[in-house]
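The structure appears below as structure tokens.
The values are calculated or read from the model by the stated rules, or taken from the named source; none is laboratory data. None of the values given here were measured: they were computed from a predicted structure. Please note: Cβ atoms are built from the backbone with ideal geometry, for glycine as well, and neighbour counts cover all protein chains shown. SASA here: full protein model, heavy atoms, side chains in, ligands and nucleic acids out. Shrake-Rupley method; radii C 1.70, N 1.55, O 1.52, S 1.80 Å.
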Amino acid sequence: MNQQTLFHIDFEWWAVREDEYRTYIYSLLCDKHQEEFGYIDDREHKLFDWVNPQTGEVFLIDSIEYTVRSHCSSQEGYITEDTAMVDSVFRALLANGNQPLTIKQLASCIGRVGQESTILRMLGGRKVYKGLRSL
Amino acid sequence: MIQNNNFPDTDWLESFSLQSQDYDYLINLLLEAGTPWSTEEVVLALLDYSLKQEQEKNAILSQDKDLAEAYSPIETYKSGQKVYFPLLDGLSGEVMSIRNGHRPDSSDFEVMQVLCADHLTREFAISLNPSDVSDNFNYANKGDSNPLSEFSKQILQKNSPMLENKIQADLLEHRELVRLSGYWFPVDLLADINAGYMNLVEAALDLADGRPLSTKELLHQIGIAGESDEALLIFSLNYALQIDERFEDVGPTGQVLWFLSSMKPRDIIASEKYLVCDPVNCLGESLTADVKILSMTLRDEFSENTATEHSDGPVEVVLTYPHLKAGTLPLSAHTAHVFPSALVSPRVKTTFVDGLSGERLPGWVAQKERFVWGMGPLYKRYDVVAGARITISPGFDLSESIVHVDRCNPIKEWVRTLLIEDGRFYIELRKRDISVGYVEENMICVEDSSSVKDLCEQLLHNGVTLEKIVERTFRELSKLTPQGNVHAHTLYSAVNVIRRIPPEPILVVLCGDSCYKHVGDAYWRYEAQT
């Protein structure tokens, strides 16, 4: 594992933690959409076609995740200085359509240039955080 | 990589080498461009050219007329149509079915299901509004479809080090092109920088009073800026300066800064004498895992573990006698990240900032010799001893490092002291004022450094082996404790007063001679055989 290794969100890791994933994704919604979606368990789970902007490939995803990717991820405050590093990486990858990124690219996306080695240690360790894995 | 029938196979990459037509092609490209190209641009252009040739060759061989269409999300497709995806490594497939797309915030679009060459079914957006499409697909919108270029980029992305190394090696052998700081240009097309200009550069650097100047600054000072394309002038001047011994590039990675070789401090050369040392090669194989770990904890710059460590914070260095005398710090895998580095320049100018007084001192990073010079005044000011702890932190920018000597109130302590009498060295405990924090095992003081220097030269001249030095040092150190045990770090520190040597050869002596008994942890005892 080195600075060129690509990292992504492994959704298979989340598949066995479905409830946890829904709660976590809900927390990524902006204030407006948190109000709109209401309490997480009350809503109907709609599926939408999400088009990967890089490749044109289509994936069916949950409406909340769709909203995060297409709207909330571009709002101010989606990734801030106070966001935990692991959360920032997850948010950056989700916003990027889960296109695998190198440590350097991730550091740049989350505004932590110069902390590449810390990010590498976090993602390259034995424990998997938030499904973040190397390819 | 997933292959398809539309792109040439990439097996040829393994044996890829440049042919004469490749050089001609590249030189023509650079001629047209008129400015130097980066290695990546050069490699990409050559790869593109080679791929085109391979594709043409394959087309002739296969006579395959059944070409698929390149995927674009703004186009429409029919069931049964063959399609390939330049942005997915050229993956190809056949359209199986088409359905309406479903998303809340966008105009109507369709989704086609494609059975791909890797036997997986994937879905792709089609009939999208051009405004919803990423820049990735812009080449399709502009009618400038060049999937082969995209394919070249993907190949380069996946084989970058291998391809760049091969192509660079070939280009360097060819000699018609020159490379400078990762940029290439035909040598015959460089701007003429004559001897007069070079003398002006020398004068400009002389007047700068020890401050390195960038190539751009030099261009303005010698008055040729604006005479030709600036990028080409900078490249040409850099080339002329590089081959002239009067000048030295001392800039960190990404910056070219020129300095007069004659203005380099003479003390750097003197420092090299204290620090000259052969790197360890494969000695570690004769050491056990525990002993290897023991050697690595010393973090000697000439040890085997020379791979750069990924670190970004302050580092602590335990000073050895050779560095103390030379006024230097080690440039090792452990410390490399706090000092500026350069890809080409053998010496890089740096600035030490004294963490205690804030004073700024000039320094030099000697990359090949693995030391950073310029600490002499601080060692003298704080009465630093071998074994002292020095903390180095990255500075505010690439060109400076903050050094912090662990200073304390002077206390009289009994410390190991090496002294010379009658042409032999002895180690005794002597009382001395110590005013810096230190590591007990590594601490060693020297009574008279000039006589130590003379003895070292004499021992070297007489061909006294490392084994002999280790034995004498060990026996001297063992007298200082009731048990006669000697810590490996103490031995390393003391041997290095007499001869600059990494820990591995010393540990090889300890492990390979039955007189030395390992008594646990990092301690050995000497038991002379009868």
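Annotations for the structure displayed:
- Inter-chain Cβ neighbour average for residues B:437-449, partner chain, 10 Å: 0
- Summed over the residues of the range A:17-135 and divided among them, the accessible surface reaches 52 Å² per residue at a probe radius of 1.4 Å.
- The alpha-carbon of A:Lys104 sits under 23 angstrom from the alpha-carbons of these lysines, leaving out residues fewer than 8 places away in its chain: A:Lys127, A:Lys130, B:Lys153, B:Lys158.
- Taking chain A, the Cys residues with no second Cys beta-carbon under 4.7 angstrom are A:Cys109.
- Short-range pairs are left out: with C-alpha atoms under 8 Å and at least six residues apart, the relative contact order of the range A:1-112 is 34 percent.
- Shielding by partners for peptide B:90-96, expressed as the average number of C-beta atoms from other protein chains within 10 Å of each residue's C-beta, is 0.
- When the charge dipole of the range B:311-444 is built from unit charges on Cβ atoms (+1 for Lys and Arg, -1 for Asp and Glu) and taken about the Cα centre, the candidate among B:Ser399, B:Gly374, B:Val439 whose Cα reaches farthest toward its positive end is B:Gly374.
- Within the same chain, lysines fewer than 8 places from B:Lys273 are excluded, and of the rest, those with a Cα less than 19 Å from its Cα are B:Lys264, B:Lys325, B:Lys368, B:Lys453.
- For chain A, the Cβ-based charge dipole about the Cα centre amounts to some 720 debye (Lys, Arg positive; Asp, Glu negative; other atoms uncharged).
- Counting only DSSP H runs of at least 4 residues, each contributing -39500 (n - 2.57), and dividing by the residue count of the protein assembly as shown, the helix-based mean residue ellipticity at 222 nm comes to -11000 deg cm²/dmol.
- A probe of 1.4 angstrom, applied to the heavy atoms of all protein chains, finds B:Met162 with accessible area near 60 square angstrom.
- Gained length - A:Gln54 relative to A:Lys127, 0.36 nm times residue gap less alpha-carbon distance: 23.3 nm
- Counting Lys and Arg as +1 and Asp and Glu as -1 over every other residue whose Cβ lies under 12 Å from the Cβ of B:Leu190, the net charge comes to -4.
- Summed buried accessible surface, chains B and A, 1.4 Å probe, nearest 100 Å²: 1600 Å²
- Taken residue by residue and averaged, Cβ atoms of other chains lying within 10 Å of the Cβ of A:54-67 number 5.
- Accessible area (Å², per residue) of the range B:364-491, counting only protein heavy atoms and a probe of 1.4 Å: 50 Å²
- Carbon plus sulfur fraction of accessible area for the protein assembly as shown, probe 1.4 Å, in percent: 48 percent
- Normalised contact order of the range A:70-135, rounded percent, pairs of Cα under 8 Å and 6 or more residues apart: 28 percent
- Cα-centred dipole magnitude for the protein assembly as shown, charges only on beta-carbon of K, R (+1) and D, E (-1), debye, nearest 20: 2520 debye
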